[in-house]
Amino acid sequence: MSIKSTGSPGTPSRFLKYWHRHNSTLLGLGIFAFLLAIWEASISLGWVSKFVLTPPSGIIQALIKLSKNGELMDALATTLTILGAALGLALVIGISIGFLLYKNELWGKAFEPLLGAIFASPLPLMFPIFLVLFGRTFYAIICLATIYGSIPIIMNTREALLSVRRTLIWVGRSFRLTEVQIFWKIIVPAAAPLMFSGIRMGLIYALLGVVAFEFLTDLGGLGRLLSELNYKFKIPESFALTASTVMLSGFVLFLTGWIERRISNNR
Amino acid sequence: MTQKKANAVLSVEQVSKSFYVEDEPPILALSETDLEVQKGEFVAVIGPSGCGKSTLFNIIGGLIPSDTGQIVVEGKKTNGPDKQIGMVFQEESTFAWRTVEENIAFPLELAGVPKQDRIKQAAHFADLVGLSGFEKRYPAELSCGMRQRVALARTLALEPQILLMDEPFAALDEQTRMLLGEKITEIREALDQTVLLITHNITEAVQLSDRVAIMSFRPGVIKRILDIDLPRPRGPETISSDKFGHYVGEIWADLREEAARGLRESERALADEH
Ligand SMILES: Nc1ncnc2c1ncn2[C@@H]1O[C@H](COP(=O)(O)OP(=O)(O)OP(=O)(O)O)[C@@H](O)[C@H]1O
Ligand SMILES: [Mg+2]
């Protein structure tokens, strides 16, 4: 790497390099900051009433208040616990069923459109069914989130395992590996990136399901807190809660995206 | 016609294979094919696209069963992939999730070779195929030709007696192909291997082989075997010699007919579809 840049070699080129590597992120942050500024300004300039739209500064204050009295942390803990349980179950169920549908071509083909239909159907349609089945309990939430999380995991697991090229499997055969060795040493690592993107989608769907169902059933967690704050017309707090939920999903996306890039690095 | 020679290390005996595709007449990819390879010999099988070369390769490697006939390795009929045979595939076959070193060490790892030893071995074979210094890279960071060399080194790592290669250089440019060809010849001498190379490149076949088996198009069968009587090593002087050119011409004369027939048949198949 001995290419010399034509400009001065000091700070400017380092800045440019940094910009080129992260330009999309930086641009995104810039747009975000710009929107926040407009938001803030529109209220402080009196264009919009602060009773309708809480400015970002007000949201931050409300957020601090909610964190201090422990309500936010309690709700977050509940939501994360439910999400964790649902994700764990979705992983076990999703990967096993995905594997079975990969092994059995007929069943795989038969189930694919069915799963796709469930996956594409609007989430709230499912709520009544789960309420009837489990009553207004946390089990209903866990179950719904598990099912919602499992579907992309099932579909991607099958798809990922099927997409492993025949030549790679034949390399294993030519080395006289057993079918079990071929599965673990070749098929699974080759399928890992696509499988993980299914897991990522499953996690996002499960989170969506948990918060929405919490909101509806009023049982606990971020969803319930939001519905309570809404009900009491605590507008800044509602905004603060929405913001923290967005941050939570943003964090989940970022983390899983990072893992995904690690897994499919160099492909 | 199978006159057995005492030291044939690999023989293909009366091998046939048909493929059945729905709503179409069966494709007779190989028809009662015979081929004998002597120990230490370098044999090329050449033929037009679709004549059944890869089918023959896969049957010899024990990856697909033949309809009739058998494969005999060192006097023993094979049943599935044989320990003596190492295969290098036509398609990309490196493992994207493993570094060059880990790719090459793969068969050693599964054979239970301790980590220190297999790293050392991998470095040795990486060096042999000219990939020293790239051990820690991932396949995606390499060129096509380098990846094909990784696959070759990985197969060599188990030191198979017989090396089977299916158009390993097909995706490469002419110069790289010729250099890799030289490399293969060196390696074969160093490891005392028998090589069966599948190719559709006439120059490559003449440059590398002791004998060239010419395949016909549908049914695939070995039509003629030509001895290449040229001194080794075959450097640029040999390749530019009249004798080399004569061999190339002779093979082309045989292949031309087959290739033309292949082209006609695929055109007819296209016309039938419309
Ligand atoms: N699994 C299969 N199912 C159906 N037909 C097949 C199958 N494999 C090969 N064939 C057919 O058998 C014939 C021989 O194929 P093969 O792959 O052996 O050709 P090839 O000589 O290796 O060609 P190329 O030089 O293009 O690699 C072709 O006509 C191909 O269409
Ligand atoms: Mg082929």
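Less than 5 angstrom separates the built amide H of residue B:223 from those of B:214, B:215, B:216, all sequence-distant by 5 or more or on a different chain. If I build a Gaussian network model for chain A, linking alpha-carbon pairs within less than 10 angstrom, which residue out of A:36, A:222, A:26 has the largest mean-square fluctuation? Ranking A:36, A:222, A:26 by mean-square fluctuation puts A:26 first. For segment B:91-159, a Kirkwood radius taken over Cα pairs fed into Stokes-Einstein (20 °C, viscosity 1.002 mPa s) yields D = 188 µm²/s. Per residue, the convex hull spanned by the alpha carbons of segment A:55-185 comes to 188 Å³.
Counting DSSP beta bridges with both partners in chain B, what percentage is antiparallel, nearest 5? Antiparallel bridges: around 55 percent, rounded to the nearest 5.
Distance from the C-alpha centroid of segment A:146-181 to that of segment B:164-231: 34 Å, rounded to the whole angstrom. Rounded to the nearest whole Hz, the Karplus-based 3J(HN,Hα) values (6.51 cos²θ - 1.76 cosθ + 1.60, θ = phi - 60°) of segment B:254-262 follow the sequence 6, 6, 3, 3, 5, 5, 5, 5, x, with x at glycine and proline. Converting phi to 3J(HN,Hα) with the Karplus coefficients 6.51, -1.76 and 1.60 and the offset θ = phi - 60°, segment B:210-216 yields 8, 9, 10, 9, 9, 9, 9 Hz in sequence order, with x at every glycine or proline.
Take the convex hull of the alpha carbons in chain A; its mean projected area over all directions comes to 21.8 nm².
Only DSSP H runs of four or more residues enter the estimate; each adds -39500 (n - 2.57), and after division by the residues of the protein assembly as shown the mean residue ellipticity at 222 nm equals -19500 deg cm²/dmol.
DSSP assigns beta bridges within the protein assembly as shown; of those with both partners inside it, close to 55 percent run antiparallel.
Around residue B:189, with a cut-off of 15 angstrom between Cβ atoms, what is the net charge of the other residues, counting Lys and Arg +1 and Asp and Glu -1? Its environment carries a net charge of -1.
Calculate log10 I(q)/I(0) of segment A:131-267 for q = 0.11 Å⁻¹, where I(q) comes from the Debye formula with a single equal point scatterer on each Cα and nothing for solvent. Values returned for q = 0.11 Å⁻¹ are -0.57. Neighbours of residue A:249, meaning other residues whose beta-carbon lies under 15 angstrom from its beta-carbon, give a summed charge of 0 when Lys and Arg score +1 and Asp and Glu score -1. Counted over chain B with a bin width of 10 Å, the fraction of Cα pairs per bin, in whole percents, is 7, 28, 34, 23, 8, 1, 0.
In segment B:62-90, burial by the other protein chains removes 20 Å² or more of accessible area from B:63, B:81, B:83, B:87, B:89, compared with the chain on its own (1.4 Å probe, ligands and nucleic acids ignored).
Which pairs break 18 Å Cα to Cα here: A:65/A:234; B:83/B:136; B:39/B:83; A:185/B:115? Listed pairs above 18 Å: B:83/B:136. Report the normalised scattering of segment A:161-210 as log10 I(q)/I(0) at q = 0.26, 0.32 Å⁻¹, calculated by the Debye formula with identical scatterers on the alpha carbons. Result of the Debye calculation: -0.89, -1.12. Note on the protein assembly as shown: the alpha carbon radius of gyration divided by the globular reference 2.2 N^0.38 Å gives 1.33. I'd like to know which of A:203, A:72, A:138 lies farthest towards the positive end of the charge dipole of segment A:60-264, counting +1 on Cβ of Lys and Arg and -1 on Cβ of Asp and Glu. After comparing all options, I get A:203. In terms of accessible area, using a 1.4 Å probe and ignoring ligands and nucleic acids, B:57, A:51 rank largest first as A:51, B:57.
Among A:84, A:223, A:149, the largest mean-square fluctuation in a Gaussian network model of chain A, built with springs joining Cα atoms closer than 10 Å, belongs to A:84. Taking a Cβ cut-off of under 11 Å around residue A:198, the surrounding Lys, Arg, Asp and Glu residues balance to a net charge of 0, with basic ones at +1 and acidic ones at -1. For the pair A and B, the buried accessible area comes to roughly 2000 Å² in total, with a 1.4 Å probe and the value rounded to the nearest 100.
The values are calculated or read from the model by the stated rules, or taken from the named source; none is laboratory data. Everything quoted here is computed from the prediction, not taken from an experiment. Positions of Cβ are backbone-derived with ideal geometry, glycine not excepted, and every protein chain shown enters the neighbour counts. Surface areas here come from the heavy atoms of the whole protein model, side chains and all, with no ligands, DNA or RNA. Shrake-Rupley method; radii C 1.70, N 1.55, O 1.52, S 1.80 Å.
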